[in-house]
Amino acid sequence: MGQIKLNQVTKSFGDVEVIPPLDLTIEDGEFAVFVGPSGCGKSTLLRMIAGLEDLTSGSVEIDGTDATTTPPAKRGLAMVFQSYALYPHMSVRKNIAFPMRMAGVDQAEQDRRIKAAAEALNLTDYLDRRPGQLSGGQRQRVAIGRAIVREPSAFLFDEPLSNLDAALRVGMRLEICEMHDRLKTTMIYVTHDQVEAMTMADKIVVLQAGVIEQVGSPLELYHKPRNVFVAGFIGSPKMNLISGAEAEKHGARTIGIRPEHIDVTGDSGLWQGVVGVAEHLGSDTFFHIHNTGLAETITVRAPGEVSFDNGDVIHLSPRLDQLHRFDAQGLRIE
Ligand SMILES: Nc1ncnc2c1ncn2[C@@H]1O[C@H](COP(=O)(O)OP(=O)(O)OP(=O)(O)O)[C@@H](O)[C@H]1O
Ligand SMILES: [Mg+2]
């Protein structure tokens with residue numbers, strides 16, 4: 001079991017309120033991702049759930065029981081941080097065993113859990129090494145192993161992959177998803193990387209300045225962002241946001257169209273502009289287009305073989321059925 005419920009929680013540091021009253025429920029077994037810009041309160045919220053940070057007001061429930069004043073070690077949760085914080089003088093086996101030794105788990109049970117965790121994380125061959133003899137990805141797996149053996153009712157991850165290089169991040173991302181599929185344990189994962197959020201989450205919680213802007217599945221957020229902030233935050237490259245006369249034509253203060261929903265069309269199109277930077281990814285090319293009269297830059301995703309030079313005039317056809325409309329408050333118009 002691992003349902004986590006936040007009721008009207010707030011957090012202030014001195015007289016600065018970083019989390020205004022907030023309600024959120026993470027269901028048992030769910031993979032929830034907190035995402036938002038730096039300083040929006042993701043870590044603070046996670047630490048409040050873990051019990052590492054006091055609440056200023058409100059309550060935290062774990063499996064229907066008030067845990068607001070329960071000490072971290074008694075909450076049945078395991079936290080994995082960006083820095084692995086392994087003991088350098090201990091073997092991998094001893095590092096993984098450490099929380100069980102502290103909790104007085106008997107030796108046979110310790111051995112059973114270490115074996116299972118090592119198999120799940122492909123660490124069996126490394127159990128007798130020290131952390132200094134491992135790669136960054138392997139060290140992060142040891143840190144996760146140390147969390148698994150506690151058999152927590154939920155895992156809390158705070159940017160666990162941000163110290164790893166790009167290839168390792170992708171690999172570890174998949175491993176964590178597979179681990180979730182296998183264990184079916186509640187996971188709350190903090191990141192500022194919206195690609196991680198989109199690829200890992202059952203449920204994404206988008207935060208800005210301590211406020212939940214939207215909660216939904218990755219595709220709900222992609223297809224129906226509640227407001228301009230979520231529209232601009234979810235999706236890569238970012239959604240183009242256009243205001244002024246063009247938006248008024250569509251009965252909106254702001255319209256949004258994603259780069260993948262604008263086609264580059266021969267010598268005519270609804271919009272036109274001048275090619276600035278072209279980013280060639282091989283599979284796709286992202287064109288950043290100026291002088292459209294719509295916004296400073298319009299970004300378009302075209303197939304990799306489409307080729308234009310800097311300064312060429314380009315014609316664009318937005319797919320109008322993919323247009324997002326927002327009102328003067330920045331809220332989505334259905
Ligand atoms: N101990 C503290 N004392 C005072 N202010 C704090 C403290 N911890 C965090 N804050 C402030 O609370 C806000 C939220 O911080 P938090 O660390 O939760 O952000 P975050 O979303 O995790 O950001 P990042 O992506 O950079 O890790 C920030 O404005 C931060 O400066
Ligand atoms: Mg943080």
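Can you compute the helix-only [θ] at 222 nm over the chain? Use -39500 (n - 2.57) per DSSP H run of at least 4 residues, normalise by all residues, nearest 500 deg cm²/dmol.
Details: 9 runs with 90 residues, N = 334.
Calculated from helices alone, the mean residue ellipticity at 222 nm is -8000 deg cm²/dmol.
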With a cut-off of 8 Å between alpha carbons and a minimum separation of six or more residues, what is the relative contact order of region 237-333 in percent? 35 percent
Considering only Thr25, Ser243, Ala231, whose Cα is most displaced toward the positive end of the charge dipole of the chain, charges sitting on Cβ of Lys, Arg (+1) and Asp, Glu (-1)? Thr25
Dimensionless Rg over Rh [region 237-333; C-alpha; Kirkwood]: 0.98
Measure of compaction for the chain (Cα Rg per 2.2 N^0.38 Å): 1.17
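Roughly speaking, what is the stretch gain from His315 to Thr69, that is 0.36 nm per residue apart minus the C-alpha to C-alpha distance, in nm to one decimal?
That works out to 82.5 nm of additional length.
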So how strong a dipole does region 4-229 carry about its Cα centre when Lys and Arg Cβ are +1 and Asp and Glu Cβ are -1, to the nearest 20 debye? 720 debye
Between Arg182 and Asp111, how high is the FRET efficiency from 1/(1 + (r/R0)^6) when r is the Cβ-Cβ distance and R₀ = 25 Å? Nearest 0.05. 0.80
Tally of Lys pairs whose C-alpha atoms are under 28 Å apart, taken over the chain, 8 or more apart or cross-chain: 27
Quick one: what are the phi-derived ³J(HN,Hα) couplings along region 189-201, Karplus 6.51/-1.76/1.60 with θ = phi - 60°, whole Hz, x for glycine and proline? 10, 9, 7, 9, 9, 5, 5, 4, 4, 5, 7, 9, 7
Cα Rg, Dmax (largest Cα-Cα span) when computed across region 108-220, Å: 15.3, 47
Given a Förster distance of 22 angstrom, what is the FRET efficiency for Thr265 paired with Ala245, based on the Cβ-Cβ distance and rounded to 0.05? 0.50
Return the long-range amide H neighbours of Phe31 (sequence gap of 5 or more, or a different chain), with a cut-off of under 5 Å between placed amide H atoms. Met187, Asp202, Lys203
What residues from region 225-239 fall in the zone where the backbone N is under 20 Å from a label point 7 Å along the Cα-to-C-beta line of Val277? 232-239
Once the principal axes of the Cα atoms of region 207-275 are found, what is the range along each, listed largest first in whole angstroms? 45, 23, 19
Expressed as a percent, the accessible surface of the chain that is carbon or sulfur, using a 1.4 Å probe and the full set of protein chains, is 49 percent
At R0 = 30 Å, FRET efficiency that the Cβ-Cβ distance of Val18 and Val195 yields, to 0.05: 0.70
Taking only the C-alpha atoms, wrap a convex hull around region 1-142 and report its volume per residue in Å³ as a whole number. 146 Å³
Please report the spacing between the Cα centers of region 86-109 and region 1-69 in Å, no decimals. 29 Å
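The values are calculated or read from the model by the stated rules, or taken from the named source; none is laboratory data. All values reported here derive from a predicted model rather than from experimental measurement. Cβ: placed from backbone, ideal geometry, glycine included. Neighbour counts: every protein chain shown. Heads up: the accessible areas ignore ligands, DNA and RNA and are worked out on the full protein's heavy atoms, side chains in. Shrake-Rupley method; radii C 1.70, N 1.55, O 1.52, S 1.80 Å.
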